[in-house]
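Everything below concerns the one structure shown next.
What follows draws every value from the coordinates through simple rules; no lab data is involved. It should be emphasised that the depicted structure is a prediction, and the values quoted were computed from it without experimental measurement. All Cβ positions, glycine included, derive from the backbone under ideal geometry; neighbour counts span all protein chains shown.
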Amino acid sequence: MKTNRVINKRKGIVFILSAPSGTGKTTVISEVLERFPDISLSISYTTRAPRAGEEHGRDYRFISHARFVAMTAKGEFAESASVHDFFYGTPARTLNRAMTSGRDLFLDIDVQGARQIKRKYPEAVSIFLLPPSWSELKRRLGGRATDDRAIIRRRLANARREIQDVIQYDYYIVNSDIEEAVGTLEAIILAERQKISRVVAWGIAPLRRQEKVRNV
Ligand code: ADP
Ligand code: 5GP
């Protein structure tokens, strides 16, 4: 029987993942990127100092406050926000390139950034990762051991505010068991990729020469 391969072309999908600090967003994202090597992670600019083990260009692009202000004025950010007293921004170029090239992109950004991206690109997919409980969130923040007590207290207070915004997201995932959380995120990615509304061109792959001969 003749089997034609159906092909389609679509724009890159922007997946936004937000979560209160310490929930496990970095852990979940790195697991998902391992399973999906065809998805990129946007590297944000920030004015905060690198934590132990963080690398410029891999975790963030660490820049001065003055440079951040200049980049904002030039419209170089797709979104930007002040989080925990520092500035963070997603480079517009990364986002535009991914969308036009058809490569899916992950944004690890806060609720303010998610709101800005969804307003500009309603087709972006927003996902909120929730901690299983307050006590577990506190334990995970403490376990990271890269932040001092005052910072942890501030992050917990911010978490209480941020969680109110879960309502504006498309999906939620509770990060209780890591495997389960990653599996749920995987399911969301796979389903979003199959949406008819994202396809910009349909086609049938041409038969190979050999098949043509066999099928005439
Ligand atoms: P975030 O990026 O949201 O600030 P991290 O990914 O750095 O959080 O995780 C914070 C801490 O919680 C880390 O020590 C990480 O190993 C741990 N962690 C993440 N997910 C889970 C989970 N499902 N169960 C237990 N510990 C977790
Ligand atoms: P951290 O300093 O712990 O790496 O990140 C603090 C918070 O800033 C996290 O909620 C993270 O998602 C958010 N964040 C990181 N990069 C960006 C960004 O480019 N834009 C916005 N709006 N938030 C960001």
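Structure values in brief
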read-out: Sequence of Phe36, Phe15 once ranked by neighbouring C-beta atoms within 10 Å, starting from the fewest; value: Phe36, Phe15
read-out: Residues Leu17, Leu156 arranged by fewest to most Cβ contacts within 10 Å; value: Leu156, Leu17
read-out: Cα Rg over Rh - the chain, Kirkwood; value: 1.06
read-out: Sorted by Cβ density within 10 Å, fewest first, the residues Arg140, Arg5, Arg97; value: Arg5, Arg97, Arg140
read-out: P(r) weight above 24 Å for the range 1-128, C-alpha pairs, percent; value: 30 percent
read-out: Degrees, to the nearest 10: 149-162 long Cα axis against longest axis of the chain; value: 50 degrees
read-out: Kirkwood Rh, Cα atoms: Rg over Rh of the range 159-202; value: 1.12
read-out: Relative packing of 169-178, 189-198, 108-117, which averages over residues the other C-beta atoms within 10 Å, highest first; value: 108-117, 169-178, 189-198
read-out: Cα-based Lys proximity count in the range 1-135, under 24 Å, for pairs eight or more positions apart or on separate chains; value: 8
read-out: Normalised contact order of the range 87-190, rounded percent, pairs of Cα under 8 Å and 6 or more residues apart; value: 30 percent
read-out: Pair Lys74, Asn158: separation of 7 Å Cα→Cβ label points (nm); value: 2.6 nm
